[in-house]
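Presented below is the structure to which this report refers.
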There are 2 protein chains.
Amino acid sequence: MKRNVTVKTLAEQLNISIATVSKALSDSHEISAETKQRVLDLARTLNYERNPAASNLRSHRTSTIAVIIPDVANNFFSLAIKGIEEIARTHNHHVLIYQTHEDSAAEIAFTNSLISGRVDGILISVTRSAGNLAHFQSLIRQIPVVFFDRSIEIPDAFSITTDDYESAYQATRHLAEKGCRKIIFLQGLDRLATGQRRLRGYLDALNDSGLEQLQPVALAANTDPQLIRDGIRQAIIGEKPDGVLSSIEEFVVPCYYVCRELGIDMPGALKLVSFSNLPTAPLLHPALSTITQPAFEMGRVAASCLFQILHKREVDLLSLPGLHSQLIERESSALV
Amino acid sequence: MKRNVTVKTLAEQLNISIATVSKALSDSHEISAETKQRVLDLARTLNYERNPAASNLRSHRTSTIAVIIPDVANNFFSLAIKGIEEIARTHNHHVLIYQTHEDSAAEIAFTNSLISGRVDGILISVTRSAGNLAHFQSLIRQIPVVFFDRSIEIPDAFSITTDDYESAYQATRHLAEKGCRKIIFLQGLDRLATGQRRLRGYLDALNDSGLEQLQPVALAANTDPQLIRDGIRQAIIGEKPDGVLSSIEEFVVPCYYVCRELGIDMPGALKLVSFSNLPTAPLLHPALSTITQPAFEMGRVAASCLFQILHKREVDLLSLPGLHSQLIERESSALV
DNA sequence: GTTTTTTACTTAAACGTTTTCGTAAATAAA
DNA sequence: TTTATTTACGAAAACGTTTAAGTAAAAAAC
């Protein structure tokens, strides 16, 4: 077995101390340009790779950040990850991804396993079952955390969100303008600030349109597709709405199926708008009207925010770009 | 700042040596049941978490595996990740995810950064631009690697794939049976064994159906959506096919757009089948006929295989379940 | 009753970095 | 010239764990 090349190897071959090598490799000002070059050159030819464990153990820096999300099989999150990765790369950081699958016990287990110094910081979009306020309050005191999209209301917590209120408002008004008189709201995030903002946007829009205020249809607790579908079916049968605003992408496919099952003509008898980043939205039958979030940008902004914290720079939250979602009107909410 | 609790803390409080604590925590047979219990109890009450860096440095075990894939925003891969995670969890391992975005330079950079002991093993689905045989040959000698789905032909390499040949064959026969006389193959993986198997299945099926053999349409080199779309448009205008077999999911959306642009009636004038795990396939207009791979199962099997290697158990490749894709016929390839 | 084995621990040396502190030489300031 | 400062490096101590080797006492084997 070939001996691994370490700082010691380099030091011996160059006849300098390992301290000098280490400092040269991290471009310390204590080392002369000439020595640095010699070290770098040898490191390259010997294919030296710094041992991350040793480095982390000594320096308490891991060059790794964690991303905790409900599910990568969701276009919003996969795009956000793309943005996060891009920023992480520029900071030479690795990205650990954890999926909670909406299980807050898993979420707690993940975060607990992370505070022992496995990562430098955490980007998280919390589970909808969560609401575990105390846990997160304790977490953010132990490690830098940035919430994105699905946030929890904690003072002093960093969170990157979009204009949830405005976009929900706008989408609801849009449905009303297209003639909907009874619009229901499929609530997927009732325990989260994000969900509450979307709900308020919806309710205010109903009010401003002179429409009946309705209780949101809470579909939060489960992640089982069958249960979600049943919940939606019941809501549609029970309420007989002519408009639906869905607060998360996961409800889109079940909505279409339920309409087909019940023989409801979309958009004739029922119009649908959903928060969604589905790339196939324009190709659905009927094409889905969406509130499309700037997922990629959000990932970038959230990650940038985290790195600002890690670099001990003051985070000027006001300087963060305002992120706006976009209502894209398609057939599913068109006038027939 | 609160002092972190380490094995030393536990040892002092229990009046035993740190070695005993360490062994108790890893459930060593050298330690009495009673002592183990005392250690475990105290560890729990003090909220002890093992320092992964120190552990890794000393033991050369990381409790982490890496997954390298082209893109998480692809339903096949996100499902595979789900399967991988599930298995990793049962082995108490963390999962690092790297996206290459089809850039083989990134792929090489990732793997190089991983061999310095950041992870115990690698699961990889290679880029289509790859074909970097020498690099992978060197890699698999340095760290356990399991290829899944997109594999490279290397002797002694572990790779988990599905019945690519058979499913491509079957899909092509299906198109022929539905009346297609000129079926083109959109090749996305021409440099990879996976793509070659799909191509051979297609060609053999053409032959067995008595149809004209055509050059595959190679769309491999780029990942730019516009270029992909242009390539597909050119192929359809140039070849005037009445059937299309798409070897990867990424071509589905552009195919639909091109057909709309060119005013081609699907499935009337052109029928389409694609390898795909799109959850919205049944809701597209027209509903997409797919070859659906057992993505979740593949993730599980690939991860299980990796853990078998890590545990130094002989990997009985024959005992691995044969994974079969499923042809799901829908409107896009229906007889009109 | 003596020897061997087993049990349940302890000691101490790693693992490969980073970082504090020290220092000699070179340079600048007085 | 003397003193102060800067520059460029080295010695050595961490970081928190695992593990090889050692050991006393208890149990088993003879």
Which residues, taken from region B:1-12, are of a type outside the set (Ser, Thr, Tyr) and either near DNA strand D (Cβ under 10 Å from one of its atoms) or not in a loop (DSSP other than H, G, I, E, B) (or both)? B:Arg3, B:Asn4, B:Val5, B:Val7, B:Lys8, B:Leu10, B:Ala11, B:Glu12
For region B:22-37 the number of residues that are near DNA strand C (Cβ under 8 Å from one of its atoms) and closer than 22 Å to A:His60 by Cβ is 1
Within region A:38-50, the count of residues that are within 12 Å of DNA strand C (Cβ to nearest atom) and more than 14 Å from chain B (Cβ to nearest Cβ) comes to 1
Out of the residues in region B:137-161 meeting the condition of being buried (at least 23 other Cβ atoms within 10 Å of the Cβ) and aromatic (Phe, Trp, Tyr), tell me which one is farthest from the other protein chains (Cβ to nearest Cβ). B:Phe147
Can you find a residue that is over 22 Å from B:Arg173 (Cα atoms) and either in contact with an Asp or Glu (Cβ under 7 Å, 6 or more places away or on another chain) or surrounded by 23 or more Cβ atoms within 10 Å (Cβ to Cβ) (or both) anywhere in region B:203-222? yes
Do the conditions hold for A:Leu25, that is, is it within 25 Å of B:Thr111 (Cβ to Cβ) and more than 14 Å from chain B (Cβ to nearest Cβ)? no
Being facing chain A (nearest Cβ under 10 Å) and farther than 20 Å from A:Glu85 by Cβ narrows B:Asn74, B:Asn92, B:Asn132 down to just B:Asn92
Which one of the conditions (1) of a type outside the set (A, V, I, L, M, F, W, C); (2) open to solvent by less than 40 Å² (accessible area, probe 1.4 Å); (3) touching a residue at least 40 places away in the same chain (Cβ under 8 Å) does B:Gly231 fail to meet, given that it meets all the rest? (3)
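Show me the strands (runs of 3 or more DSSP E) entirely contained within region B:13-130 in which 3 or more residues are more than 17 Å from the chain's Cα centre (by Cα).
Output list is empty.
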Look at region B:36-90 and say how many of its residues are crowded, with 17+ Cβ neighbours inside 10 Å and under 30 Å from B:Ile160 (Cβ atoms). 29
Hey, can you tell me all the residues within region B:28-49 that are away from DNA strand D (no atom under 11 Å from the Cβ) and without any contact (Cβ under 8 Å) to a residue 24 or more places away in the chain? B:His29, B:Ser32, B:Ala33, B:Glu34, B:Thr35, B:Lys36, B:Gln37, B:Leu40, B:Asp41, B:Arg44, B:Thr45
Pairing a residue in region B:52-66 that is more than 10 Å from DNA strand D (Cβ to nearest atom) with any residue that is in a helix (DSSP H, G or I), where Cβ atoms lie under 7 Å and the two sit 6 or more apart in sequence or on different chains, gives B:Thr62/B:Asn56; B:Ile65/B:Ala88; B:Ile65/B:Leu306; B:Ala66/B:Leu114
Does at least one position in region B:150-164 carry a residue that is at pLDDT 90 or above, in contact with an Asp or Glu (Cβ under 7 Å, 6 or more places away or on another chain) and not charged (D, E, K, R)? yes
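Among the residues of region A:99-120, how many are of a type in the set (Ser, Thr, Tyr) and in contact (Cβ under 8 Å) with a residue 24 or more places away in the chain? Let's see the steps before the verdict.
Just the residues of region A:99-120 that are of a type in the set (Ser, Thr, Tyr), to begin with: A:100, A:104, A:111, A:113, A:116.
Still in the running and in contact (Cβ under 8 Å) with a residue 24 or more places away in the chain: A:100, A:104, A:111.
Residues flagged as of a type in the set (Ser, Thr, Tyr) and in contact (Cβ under 8 Å) with a residue 24 or more places away in the chain within region A:99-120 amount to 3.
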Can you tell me how many residues in region A:98-119 are away from chain B (no Cβ under 12 Å), open to solvent by 20 Å² or more (accessible area, probe 1.4 Å) and not aliphatic (A, V, I, L, M)? 2
Selection count where residues are surrounded by fewer than 20 Cβ atoms within 10 Å (Cβ to Cβ) and under 23 Å from A:His101 (Cα atoms), scope region A:234-252: 0
Those residues of region B:262-298 which are away from chain A (no Cβ under 13 Å), farther than 18 Å from B:Val336 by Cα and surrounded by fewer than 17 Cβ atoms within 10 Å (Cβ to Cβ) amount to B:Leu262
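The values are calculated or read from the model by the stated rules, or taken from the named source; none is laboratory data. Everything numeric here is computed off the predicted structure, so don't read it as measured data. Positions of Cβ are backbone-derived with ideal geometry, glycine not excepted, and every protein chain shown enters the neighbour counts. What goes into the accessible areas is simple: the full protein's heavy atoms, side chains included, and nothing from ligands, DNA or RNA. Shrake-Rupley method; radii C 1.70, N 1.55, O 1.52, S 1.80 Å.
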